[in-house]
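Reading through the structure tokens given below for one structure.
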Amino acid sequence: MAYTGEVTVGGTPDVHELEDLIITKVAVGPMDNNAYVLRCRATDEQLLIDAANDAATLLEVVGSDGLTSVVTTHRHGDHWQALEAVVAATGARTYAGREDAEGIPVPTDVPLDDGDTLAFGRVRLTARHLVGHTPGSVVLVYDDPHGHPHVFTGDCLFPGGVGNTHGDPAAFSTLFAGVTTKLFDALPDETWVYPGHGNDTTLGTERPHLPEWRERGW
């Protein structure tokens, strides 16, 4: 079946098969977080984006091939509840944005800065630092050499708007500017967006609404 990105807590994960990379999306409770297991086709090495909750479910998706790395997109607790258990079970190396690492109770082995490259197997991801939802949120860009880019946005970009900036106009302005320059200005409409909660989208779907988001301030 074709990948839709529509998953539910307790439901079946959805699998997006690319030429060099397999992306498995799973939803975990209690806050309907998305977690993504990325597998390099050439080496079978795997990376997890957000050990949000329900370690047993995440480890079932990971399977017997183990886990090379775990990236935590930001410091909010709903994105790392299973991190300690997953790392204990797999020995995976931990990554997070430098400015958010101190807010994550599991030590960060590799702090990420804007533009850093994260590699597993033959797959390369680029970290982009976005400020506003938290001080050190990172999104991860996979520039597929055989197709369009794919971006894992944590809580910085969703269908219908940027992440929650809690009514702070300065934080919204910073996050909106970062999303605009580092994602919308840098990547094509076909770019597939995998958010930290809910359904997927594309930059092309969201791009026409940027003026509306700016005007409403959230």
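The values are calculated or read from the model by the stated rules, or taken from the named source; none is laboratory data. These numbers come from a predicted model, not from an experiment. We place every Cβ from the backbone using ideal geometry, glycine too, and count neighbours over all the protein chains shown.
Some points to look at:
- The requirement of being in contact with a His (Cβ under 9 Å, 6 or more places away or on another chain), in a loop (DSSP other than H, G, I, E, B), over 27 Å from His148 (Cα atoms) and modelled with pLDDT of 95 or more is fulfilled somewhere in segment 61-77, by at least one residue.
- Evaluation of Tyr36 against (1) in contact (Cβ under 8 Å) with a residue 60 or more places away in the chain; (2) more than 19 Å from Pro149 (Cα to Cα); (3) hydroxyl-bearing (Ser, Thr, Tyr) (one fails), failing number: (2)
- Exactly one residue among Gly167, Gly196, Gly161, Gly178 is touching a Leu at 6+ places or on another chain (Cβ under 6 Å) and not hydroxyl-bearing (Ser, Thr, Tyr), and that residue is Gly178.
- Of residues in segment 46-60 being touching a residue at least 24 places away in the same chain (Cβ under 8 Å) and either part of a helix (DSSP H, G or I) or basic (Lys, Arg) (or both), the one surrounded by the most Cβ atoms within 10 Å (Cβ to Cβ): Leu58
- Met1 being of a type outside the set (Phe, Trp, Tyr), over 23 Å from Phe120 (Cβ atoms) and modelled with pLDDT under 95: yes
- Of the candidates Phe120, Phe158, the single residue that is in contact (Cβ under 8 Å) with a residue 12 or more places away in the chain, under 21 Å from Val62 (Cβ atoms), crowded, with 18+ Cβ neighbours inside 10 Å and aromatic (Phe, Trp, Tyr) is Phe120.
- Residue list for segment 100-109, filter: in a loop (DSSP other than H, G, I, E, B) and not charged (D, E, K, R): Ile104, Pro105, Val106, Pro107, Thr108
- Looking only at residues in segment 17-33 that are in contact (Cβ under 8 Å) with a residue 40 or more places away in the chain and of a type outside the set (A, V, I, L, M, F, W, C), the one that is nearest to Leu157 (Cα to Cα) is Asn33.
- Among the candidates Thr12, Thr8, Thr43, residue that is assigned to a loop (DSSP other than H, G, I, E, B), in contact (Cβ under 8 Å) with a residue 60 or more places away in the chain and β-branched (Val, Ile, Thr): Thr43
- Residue in segment 75-99 that is farthest from Thr153 (Cα to Cα), counting only those that are surrounded by 24 or more Cβ atoms within 10 Å (Cβ to Cβ) and in contact with a Pro (Cβ under 9 Å, 6 or more places away or on another chain): Leu83
- Every residue from segment 15-40 that is farther than 21 Å from His74 by Cα and outside any strand (DSSP E or B): Leu18, Glu19, Asp20
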